[in-house]
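Shown next, in structure tokens, is the structure this report addresses.
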Amino acid sequence: MNSEMIVFLVLALVSIASALGMVFSRNAVYSALFLVLNFVTVAIFYLLLGAPFIAMSQITVYAGAIMVLFLFVIMLLGAESLPPSATLPWQKPLAYVLTSALAVEALYLVFTRARSSELVTSPDASLNSMESLREMALQLFSQYLLPFEITSILLLVAMVGVIVLVRQEKAGQK
Amino acid sequence: MDWTFWLEWVIKGFVLCLILLTGFAYLTLYERRALARMQIRIGPNRAGYQGLLQPIADAVKLIFKEELTPSHVYKVVFFLAPILTVVPSLVIAAVIPLGTQFEIAGRTITLYVADVNVGILYLSSIASIAVYGIVLAGWSSNNKYAMMGGIRSSAQMISYELSLGLCFVIAIIMGNSMSLIDIVNAQKDMWFAVIQPVGALAFLIVVLAEVNRAPFDMPEAEQELTAGYHSEYSGMKFALFFMAEYQKMIVVSMITATLFFGGYREFWFLKDTFFSVDYFWWLGPIYLFLKVIALLFLMIWIRATWPRIRYDRLMAFGWKILLPLSLALAFITASGILLAQELSSPLLIWVIPVFSIIVFLVTVALINRDLRRKSYGRI
Amino acid sequence: MHFLSEQTFNGFYFLAPWLVFAPVIGLLINLFFGKKLGEKTVGIVASLAAGTTFIVALLLAYSVSMNHGEMHSVKLAEWIHIGALQLDWTFRVDSLSTTMMLVVSGVGTLIHIYAIGYMHEDVRFKHEEGRFNLFFVYLNLFIAAMMILVSGDSYMMLFVGWEGVGLCSFLLIGFWYEMDTLARPSWANSNAAKKAFITNRVGDFGFLLAGFLMFWYLGSFQFDEVFHAAPEIAHSMPWVIVAITIFMLVGVAGKSAQIPLYIWLPDAMAGPTPVSALIHAATMVTAGVYLVTRSAPLYSLVPQAQYIVAMVGAGTALFAATIAVGQYDIKKVLAYSTISQLGFMVAAVGMGAYVAGMFHLMTHAFFKALLFLSAGSVILGLERGHHAHAHHDHKKESDSEASRHRRSQETSHSKHGGHDSHEEVFDPGDMRNMGGMRKTMPVTFWLYIIGTLALAGIFPFAGFWSKDEILLDASLHFPVVYGLLTIAAFFTAFYMGRQIWMVFFGEARSDPAKHAQESPKMMTVPLMVLAALSVLGGALNLPFEGFHNLTHWLSYTLGEMHGLPLNLQVAGISTALALTAIFISWLIYGRNPLKAGQIDPLKKPLGFVFTGMENKWFVDEGYGVLVIKPFKWISQFLADVIDWRFWHDFVHDTVIAGTYNWISEIALNRYADQKGIDAFANWLGDATQWLSATMRKVQNGFVRSYALSVLLGVVLILGYLIFK
Amino acid sequence: MVPVDYYVGLSAVLFTIGALGVLIRRNPLIIFMSVELMLNAANLAVVAFGSVYKTFSGQIFVFFVIAVAAAEVAVGLALLVEIFKSKKNINVDDLNSLKG
């Protein structure tokens, strides 16, 4: 039990609790806030794993942009809580059963099959340096250049798509 | 890691918070006095010599004020929102270097809390977190005006964050690092504000919008929103919002100084002289302090001079002008540096300011033409 | 900042690819947006593209001179890598290639600018305004191809450019492919284009053979490697080098219009005049000269091949010069003159006087472009005169009541010769229609005079210095060549004098010539630049100690060379001959100017000799009998008998189709298709219907239940992984 | 020193919770958030493995996932807003017009 393990366990608890809170909150705004908390803990995990760049991106993009967008939409639509509906009553119990089965199976697989002594993370000090960041950037822009460009095009397409979706409404009003 | 390390850490963090909190208090006084001077008034001068105790008086007043919590609010979030606003404005200062380092009792003490290799990303992520306090305050108040204020403000902050990121990119390219310390040291020969004056200007505009200062103080537009997202707040909670705003001002001034005006470093032409921070470490914080004071004065001056911008124009300015402009600036900076490197002639670096200023003038001309063409329309 | 202190300046070589990129970008812009841009913008874009190329060439030349002529190659891309064949797209920047780049892009840019003015009117006289952009697209394509040619690092890269310029030449000769030069519907222009293309193919075939031999015996196409390997082969198998050089000479004869493949060049005058100036006088046709110069290390190994080259060049020079004397078309005269001058250059490089050849190439590019463009100016002046004349008449016709008598004359005239009817068209290129134009087109006149004096080789114009250097070299080593070239120089001065007297002096022999108008600034300013170059171009390589600039510059690439001092005897003889020729031409054409309808005064004294000159010594007819007729007969035989009767009627229709029909009808249709495939397809359809009717019950429209089934699948798969 | 299994196990748990959210909630916004949670769980596993094998590929992959998720959210939320405007309701169980 070293200090890092303690940090990990505490954060894992917070992370799982906030995930559960997200799923079970009545109010969608609280759900969103729980999810933000979860994302922040995941970002801290990234830091522990020696990936500061991804950690910061996670906070900027997920917490800073995506979740704010969610909050906007929830607030604008007034969709904090929906009236209950009675369709598919058999689904909920089945869902619980299946997901718990999934969790048990996954954990069983992870802790029996994948366990080996070499699979231990040891946050490398070198990973946290400026050089490693530069190395990663070089890889991103050489080996992964094509995916990078495709991603940028995808973002552009998404942007255009959203504008088109919103524009239709305005044209109708005119 | 022995306990002294933790002790040093705690002390540095504590001191930083103390600086910001005191700075906030006296910034209010500074602003009131400066504004008064510009409006040919005197300003607060009763409490203490020249009103120096005025902040303390204000604090006492706010602490003892009755706190009202309206019955229709979402209590938890209502309580959480001011905290969520203040915390980022404090935390963001952690990566800003205040000076070089000095030795005391055999220990090298660095004048910053943390040197993160992704320092600038840290700044931008904390800046993006800062939206939450405002939007949640607006929503939890369960009040149309507050909600509008919150949403406006966060939309504004998200919009300007893109330009902010691009301005960061300019600084990253020029400093060849994401660490703020490296960026400051890269300005030893020349401030980035000289090489990329338009970038510095764009950054100033963007941070004004990011901290909701005049002329971009939409969320608090009294005439339209009855004070916006903090309409329902009072007492200490209101004071927290107030505090956050002024701390943000201080912090963004520090960031601007660090990224474009040489941070804690002296003027570039003083670099190897007696006035260099390489000779006396204690000059660093002083230089930074002077730069921050100057930038704060600029902000106050702007508030005293310019009227508020209409909301749709504000957004249009951010998306249609500032974003393309900063994109062009990032491109010009990168190309200029590449050119200078490829042809290995340092003089070519001056291509950057020349082209930037040309782009800037073109932008101004475009805005001017547009405004004249439809003088009351959108820009 | 971190980059503020690093290496030293190492030149602008990295710009080399822009030699090709700039014109390609220009042509793409004009190709895709030309319709929207408008004529002016199209012209500016194209000229800017060519100008950029020129600037790049200047920077490259500067870099070469900064680096003391060191060869530098810039690899842009890999091209073909198969086994021992390693070809890259590499730009070779040395003093020789930059010289060619400068000439091509410099003259090219001027001609682009000229062409804006020229084509503006040309497309209107030919009633087809939309073709303006296309012209500039082709021109830019030509610049790009020419740049590939001169900057190539291997014979194959050179060949790519070689074919590219051939294609552009074809496209531009046939620019008005559906009409003849007088804008009458006909296939004359497209035939000229095809003739050029096919003749060039013959030459290119020779080039290809040379290339194959080279690769087989020398193992590479790359210049340096070839030159490195050549001496050894020349020692062991001398005939290889001889064969390569002779086959290369065939290619040169095709591209540079030498005997016996020169016949396409006169016909190529069907293209618009800027094309004649750019491609068929100044740049493309000199590619052959460049090729021989570039292959100097090969040629210098085999003196006998050099001798053949020199003889071919000298023969062409004289032969073409005699034909030029008998031509009436202003551009045809210049075309034969070009062939003759190319003969000079080929003779020069054949003799090993590479610098003299390149020098003459440059000066010739200047003054021949000047002459052609001035000729274009004359032609357009006549066209303008023709139109103004016609409009003038119409105007008179409509508003003047008084001149009824005259009007009746005009109407009868326009019935036969009006510019709308194509029956009797006025030929603006025929010198018999000109005369007295020094008064109507004074600027063009003076420019033409400068070009003529430069071509005739009068001191101190550019042509004097370059031609003299060739003659001097010839007189030292090849007396026969010297003789031939001197006579050719005499003829050159004579036919140019004849042209001047016929075009610019005397009385106007037609109405349009009377009303001819001067060309706009857009056209004359580039001409003035060229005229200045024609006057001063000789300064590039004066035959005095310390002034051998070009020799010094090219010796970076071609090895150590020494410029020859001025030989007063040679210079004196050639100048005296030229002056005499001009004087004789004055006696014949200048003293008693031609009258309208009069036959050429030379015809009577010379008799059948002049008829021969007039009809180009019946070379085309000879080719017709010797090559084209048998060829046509063979193709007719192959098409009719072998292909149609044997292959089509017998083999295809009877044997193959019959068998196929039988098989498909009996075996496949009746049994395999109906009983097997059809039945299976029907069963498939039924099964699908049944299946879909069952499956659609699963699709209940609730997203969550779909998600549930996905999750079920995941759980099952994980379960399988656990229990397997 | 935390064994990588712990991270992967945590990732599995988070993923399962996200899946549960998708299955039991009717509010499409929360379903959407659950999907984001699942994506994050996957990212966590990828980064954990990447740090074990000392390669940047894991981080770069996650970087792409984040970018794609941003695009996905933008389009998805715009669609939700449009659906809400035309139907006045966004309960997923009422959106079953694609029934077979």
For this session: May I ask you to derive the relative contact order of chain C, considering only C-alpha pairs under 8 Å and at least 6 residues apart, and to give it as an integer percent?
Result: 11
Exercise. In deg cm²/dmol and to the nearest 500, what is the mean residue ellipticity at 222 nm of chain C if only DSSP H runs of at least 4 residues count, each as -39500 (n - 2.57), divided by the residue total?
Worked result: -22000 deg cm²/dmol
Exercise. Taking 0.36 nm per intervening residue step and subtracting the Cα-Cα distance, what contour gain separates A:PHE141 from A:LEU165 on full extension?
Worked result: 5.4 nm
For this session: Taking every Cα atom in region B:74-171, find the radius of gyration and the maximum pairwise distance Dmax, and write them in Å.
Result: 17.6, 59
Problem set entry | For region C:577-587, 3J(HN,Hα) per residue [Karplus equation, 6.51 cos²θ - 1.76 cosθ + 1.60, θ = phi - 60°, Hz, x = Gly/Pro] | 4, 4, 4, 4, 4, 5, 4, 4, 5, 5, 4
Seminar exercise, completed: Note on chain B: alpha-carbon gyration tensor, axes a ≥ b ≥ c; rule is a/c under 1.5 for rounded, else prolate if a/b larger than b/c, else oblate; result oblate
Problem set entry | Surrounding net charge for C:ASP180, when Lys and Arg each add one and Asp and Glu each subtract one, Cβ distance under 13 Å | -2
Seminar exercise, completed: Taking C:124-135, C:363-374, B:151-162 and ranking on average Cβ neighbours within 10 Å, highest first, one gets C:363-374, B:151-162, C:124-135
For this session: Can you tell me the FRET efficiency between B:ILE357 and B:TYR279 if r is taken as the Cβ-Cβ distance and R0 is 45 Å, rounded to the nearest 0.05?
Result: 0.85
Exercise. Per residue of A:15-25, what is the mean number of Cβ atoms on other protein chains within 10 angstrom of that residue's Cβ?
Worked result: 6
For this session: Using Cα centres only, tell me the gap between region B:111-156 and region C:436-486 in whole Å.
Result: 82
For this session: Taking 7 Å along the Cα-to-C-beta vector as the label spot, tell me the B:ILE109-B:LYS61 distance in nanometres, rounded to one decimal.
Result: 3.7
Problem set entry | Highest-MSF residue in chain B out of B:TYR122, B:TYR145, B:TYR279 [GNM, Cα springs under 10 Å] | B:TYR279
For this session: Working from Cα positions, state the angle (0 to 90°, nearest 10) between the long axis of helix C:223-236 and the longest principal axis of chain C.
Result: 80
For this session: Please list the non-local residues whose amide H lies under 5 Å from the amide H of C:GLN222, H modeled 1.01 Å from N, same-chain partners needing a gap of 5 or more.
Result: C:TYR155
Seminar exercise, completed: Rounded to the nearest 0.05, FRET efficiency between C:HIS562 and B:LEU343 (Cβ-Cβ, R0 35 Å) equals 0.40
For this session: Express the C-alpha Rg of chain C as a ratio against the empirical globular expectation 2.2 N^0.38 Å, rounded to two decimals.
Result: 1.21
Seminar exercise, completed: If one compares the long axis through the Cα atoms of helix D:4-24 with the longest principal axis of the Cα atoms of chain D, the angle in degrees, nearest 10, works out at 10
For this session: Would you please give the FRET efficiency between C:THR688 and C:SER709, computed as 1/(1 + (r/R0)^6) with r the Cβ-Cβ distance and R0 = 30 Å, to the nearest 0.05?
Result: 0.90
Problem set entry | Set C:LYS604/C:LYS629; C:LYS331/C:LYS629; C:LYS332/C:LYS604; B:LYS12/B:LYS144; C:LYS75/D:LYS54 screened for pairs whose C-alpha atoms are more than 32 Å apart | C:LYS604/C:LYS629; B:LYS12/B:LYS144; C:LYS75/D:LYS54
Exercise. Magnitude of the Cβ-charge dipole of region B:3-373, K/R +1 and D/E -1, about the Cα centre, nearest 20 debye?
Worked result: 1000
Exercise. Based on DSSP H assignment, which helices of chain B show an axial Cα extent of at least 18 Å together with a mean Kyte-Doolittle hydropathy greater than or equal to 0.0?
Worked result: B:3-38, B:75-91, B:144-175, B:197-210, B:235-260, B:283-305, B:323-342, B:351-373
Seminar exercise, completed: Quarter of the surface of the C-alpha convex hull for the protein assembly as shown, i.e. direction-averaged projected area in nm², equals 78.3
Problem set entry | Extreme residue, positive dipole direction of the protein assembly as shown, given options C:VAL93, C:THR316, D:PHE61 (C-beta unit charges) | D:PHE61
Exercise. Taking a quarter of the surface of the Cα convex hull of region D:4-90, what do you get in nm²?
Worked result: 5.6
Exercise. In whole Å, what is the distance between the alpha-carbon centres of region C:34-103 and region C:200-261?
Worked result: 25
Problem set entry | Mean residue ellipticity (222 nm) of chain B, computed from DSSP H runs ≥ 4 via -39,500 (n - 2.57), nearest 500 | -21500 deg cm²/dmol
Seminar exercise, completed: Nearest 10, in degrees from 0 to 90: the angle of helix C:679-695 to the longest Cα principal axis of chain C is 70
For this session: Please list, in chain and number order, the residues 5+ apart from C:LEU76 or on another chain whose amide H is under 5 Å from its amide H, with Hs placed from the backbone.
Result: C:TRP89, C:THR90, C:PHE91
Exercise. For region B:311-374, treating each Cα as an identical point scatterer without solvent, what Debye log10 I(q)/I(0) comes out at q = 0.21, 0.26 1/Å?
Worked result: -0.83, -1.05
For this session: Counting only C-alpha contacts under 8 Å and six or more residues apart, can you give the relative contact order of chain B as a whole percent?
Result: 20
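Rule-based calculations on the coordinates, nothing more; no lab input. Nothing here was measured: the structure is a model prediction, and the numbers come from that model. Heads up, the Cβs are rebuilt from the backbone with ideal geometry, glycines too, and the neighbour counts pull from every protein chain shown.
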